[in-house]
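Read the figures in this text as sums done on the coordinates, not as results from a lab. Since we're looking at a predicted model, the values are computed, not measured. Cβ placement follows ideal geometry from the backbone for every residue including glycine, while neighbour counts extend to all protein chains displayed.
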Amino acid sequence: MRLQGKTALVTGATSGIGQAIAQVFVREGAQVIITGRNKERGQAVVEAIRLAGGSAVFIAANLASQRDIESLAVQALNAFGRIDILVNNAGLLLSGATGQTDEATFDAVVATNFKAPFYLTAALAPQMAERRAGKIINITTISAHRGFPTASLYGATKAALTLLTKAWASEFGPNGINVNAIAPGPVRTPGAEESMGERLDQVASMLPARRVGFPSEIAEAALYLASEEASFIHGAILPIDGGRLAI
Ligand SMILES: NC(=O)c1ccc[n+]([C@@H]2O[C@H](COP(=O)([O-])OP(=O)(O)OC[C@H]3O[C@@H](n4cnc5c(N)ncnc54)[C@H](OP(=O)(O)O)[C@@H]3O)[C@@H](O)[C@H]2O)c1
């Protein structure tokens, strides 16, 4: 087991990619904190993990709230004593025209996709640095690297997270912390189906892979970045995108 004895906090683990990452981490021996706003889905994920013999805890948090972010970090450290792996996965997948984006939407997307990873990392990186060991994995997107017409705000928040990945690699790498990102292409999740609908399959049909990705394909990459095998990787952006960024 590649994460035996490790503790992990996975944001947005009540659904889609985050849930898959949590399940793969548990499979590899980690104790995992599942977090999101939806208590029912969170408890269901924890229950499924426990039934399969794993160890997980759900902590409810709205990452658009600064108070919730601080409280989540404290509760997570109280639950397991330390957090070895932080996955900044929670995100609002917004697809829409710039001129039709109201201020409340703008603020929610920036808060969830950019501000929350910033402050959660600020809260948890110091205890990793003290032990001179830790892994931080940011989930970005291919939209951070290309100018898609319906992804101006979404792509910009993830481009900011992409830059944070590199800045944090520089800031925390000397303290023994590996900071990296995964940039997924289209992956079939509840969030992607809601925001993209039929466009999910249309976009996927143009990829070298000619199909939509599975959450487990992102999760296995996250496992690699969280494992000791990735110990010399700092500030990398790993596209798991069916080849979209190659064309
Ligand atoms: N699926 C794709 O095609 C795709 C492609 C590229 C990148 N991504 C990225 O992958 C990540 C996961 O996306 P997904 O496709 O798995 O989407 P999803 O099915 O919608 O899951 C999103 C997760 O984020 C959580 N979340 C959203 N807003 C939150 C908030 N304010 N506070 C706390 N948790 C919040 C949700 O939990 P609650 O609802 O319980 O709060 C949920 O667990 C996102 O960062 C997304 O940008 C996805």
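Projecting the Cα atoms of LEU86, GLY5, ALA52 onto the charge dipole of the chain, computed from C-beta unit charges around the Cα centre, puts GLY5 farthest toward the positive end. Remark on THR11: its backbone amide H falls under 5 Å from those of VAL87, ASN89, ALA90, a criterion applied only to residues 5 or more positions apart or on other chains, H modelled at 1.01 Å from N.
Couplings 3J(HN,Hα) of the stretch 130-143, computed from phi: 4, 8, 6, 7, x, 9, 10, 10, 9, 9, 9, 5, 5, 5 Hz, in residue order, whole Hz [Karplus 6.51 cos²θ - 1.76 cosθ + 1.60, θ = phi - 60°; x for Gly and Pro]. Peptide packing: for 133-139, 41-47, the average count of neighbouring Cβ atoms within 10 Å per residue gives the ranking 133-139, 41-47, highest mean first. When the Cα centres of the stretch 92-106 and the stretch 1-71 are compared, how far apart do they sit, in Å? If you average the Cα positions of each part, the centres end up 28 Å apart. Its DSSP H runs of at least 4 residues, each contributing -39,500 (n - 2.57), put the calculated 222 nm mean residue ellipticity of the chain at -14000 deg cm²/dmol, to the nearest 500.
If you line up the long axis of helix 152-172 against the longest principal axis of the chain, both from Cα atoms, how many degrees apart are they, to the nearest 10? Helix 152-172 sits roughly 30 degrees off the main axis of the chain. Over all other residues within a Cβ to Cβ distance under 14 Å of SER143, the charged ones net out to +3, with Lys and Arg as +1 and Asp and Glu as -1. Its residue count N fixes a reference of 2.2 N^0.38 Å for the stretch 140-247, and the Cα radius of gyration divided by that reference is 1.12.
Per-residue 3J(HN,Hα) values for the stretch 118-124, derived from phi via the Karplus relation 6.51 cos²θ - 1.76 cosθ + 1.60 with θ = phi - 60°, read 4, 7, 5, 5, 4, 7, 9 Hz in sequence order (x marks Gly and Pro).
Evaluated with a Cβ-only charge set (Lys, Arg +1; Asp, Glu -1), the chain carries a dipole of roughly 320 debye about its Cα centre, given to the nearest 20. Database remark: amide H of ALA56 closer than 5 angstrom to the amide H of VAL32 (H placed geometrically; neighbours at sequence offset of 5 or more, or on other chains; Pro and chain starts carry no H).
With Cα atoms defining each centre, the stretch 115-139 and the stretch 163-179 are spaced 9 Å apart in the structure.
Computed over the chain, the P(r) curve from all C-alpha pair distances, binned at 10 Å from the origin, holds 8, 34, 39, 18, 2 percent per bin.
Derived scalar couplings between HN and Hα for the stretch 78-89 equal 5, 5, 10, x, 6, 10, 8, 10, 10, 10, 7, 10 Hz in order, rounded to whole Hz, by the Karplus curve 6.51 cos²θ - 1.76 cosθ + 1.60 (θ = phi - 60°), x for Gly and Pro. In this structure the amide hydrogen of THR189, modeled in the peptide plane, comes within under 5 Å of no amide hydrogen from residues 5 or more places off or on another chain. Packing-based ranking of 234-242, 5-13, 143-151, 215-223 yields 5-13, 215-223, 234-242, 143-151, ordered from highest to lowest mean Cβ neighbour count within 10 Å.
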